[in-house]
1. Within the range 26-68, which residues are open to solvent by 20 Å² or more (accessible area, probe 1.4 Å), under 16 Å from residue 108 (Cβ atoms) and more than 15 Å from the ligand (Cβ to nearest atom)?
2. It is to be established whether one or more residues within the range 149-170 are farther than 26 Å from residue 2 by Cα, among the aliphatic types (A, V, I, L, M), at pLDDT 85 or above and not in a strand (DSSP E or B).
3. Between residues in the range 215-228 that are closer than 16 Å to residue 160 by Cβ and in a loop (DSSP other than H, G, I, E, B) and residues that are among the aromatic types (Phe, Trp, Tyr) and open to solvent by less than 30 Å² (accessible area, probe 1.4 Å), which pairs lie under 9 Å by C-beta distance while being six or more apart or on different chains?
4. Among what's in the range 143-169 and is in contact with a helix residue (DSSP H, G or I) (Cβ under 9 Å, 6 or more places away or on another chain) and open to solvent by 30 Å² or more (accessible area, probe 1.4 Å), pick the residue that is farthest from residue 195 (Cα to Cα).
5. Mind listing just one residue for me: the one in the range 90-112 that is charged (D, E, K, R) and open to solvent by less than 60 Å² (accessible area, probe 1.4 Å) and, of those, modelled with the lowest pLDDT?
6. Would you confirm whether or not the range 52-59 contains a residue that is in contact with a Lys or Arg (Cβ under 8 Å, 6 or more places away or on another chain) and either in contact (Cβ under 8 Å) with a residue 40 or more places away in the chain or in a strand (DSSP E or B) (or both)?
Amino acid sequence: MSKPLVLIVEDEAPLVTLLRYNLEKEGFEVGEAADGEEALVRIAERKPDVVLLDWMLPFVSGIEVCRQIRRIPQTRALPVVMLTARSEEADRVRGLDSGADDYIAKPFSLRELVARLRAVIRRAQPGTSEETLQFGEVTMDLAAHRVSRSDKPIHLGPTEFRLLRYLMQHPGRVFSREQLLDAVWGHDVFVEARTVDVHIRRLRKALNAEGGADLVRTVRSAGYALDQDAR
Ligand code: CA
């Protein structure tokens, strides 16, 4: 899985340096913007997984930047964590209802900050880090290792289970046999691309055992995808 991208919007350079160092150490990719205008440009260029937005910014306050993020349809659901200088400000941010998903008061512990960032990213991406995956009638309980379709149990071998989990984590996306090999079998295992076809066939058979629409779409010369109306 790729690293989550956090955009730091803060004008205090030493704090940005400190945050960058620690967030990169924690496995985040870090982008920077020194004011609200630059933040909106960066977000338009590449949407981050979370915005860490300081309240005290030059020109336009963090609260106003947050409101702007919420006004733009493409960024309406973008997770925003607000940084505030004092706890009273935290209260005011809450009171102002800026649309931030969370806020954290300076001085803060980095561990807490990282936990909050991870939490809002997780909430924004249901399915990817949850215990249960859902695709149409198919439910996958990752902890219990159980799969069902319309509440009827489906029995999968371990490879088919991993294959389905990967496809359910990226519904609708087309994967080549090579991409599936890398993701499901791993880079260091030598398996022929045709092996993917064999396991896809087994997966499809298991999923469709009780009838119902075929959910695995074969994309000629490209690969496979999970699709509600696969033919
Ligand atoms: Ca600031």
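The values are calculated or read from the model by the stated rules, or taken from the named source; none is laboratory data. These numbers come from a predicted model, not from an experiment. Positions of Cβ are backbone-derived with ideal geometry, glycine not excepted, and every protein chain shown enters the neighbour counts. Side chains are part of the model used for accessible areas, which takes the heavy atoms of the whole protein and leaves out ligands, DNA and RNA. Shrake-Rupley method; radii C 1.70, N 1.55, O 1.52, S 1.80 Å.
1. 26
2. yes
3. Close Cβ pairs (under 9 Å, with a partner that is among the aromatic types (Phe, Trp, Tyr) and open to solvent by less than 30 Å² (accessible area, probe 1.4 Å)) amount to 215/135.
4. 145
5. Looking at residues that are charged (D, E, K, R) and open to solvent by less than 60 Å² (accessible area, probe 1.4 Å), I get 102.
6. The answer is no, given that none of the residues of the range 52-59 is in contact with a Lys or Arg (Cβ under 8 Å, 6 or more places away or on another chain) and either in contact (Cβ under 8 Å) with a residue 40 or more places away in the chain or in a strand (DSSP E or B) (or both).
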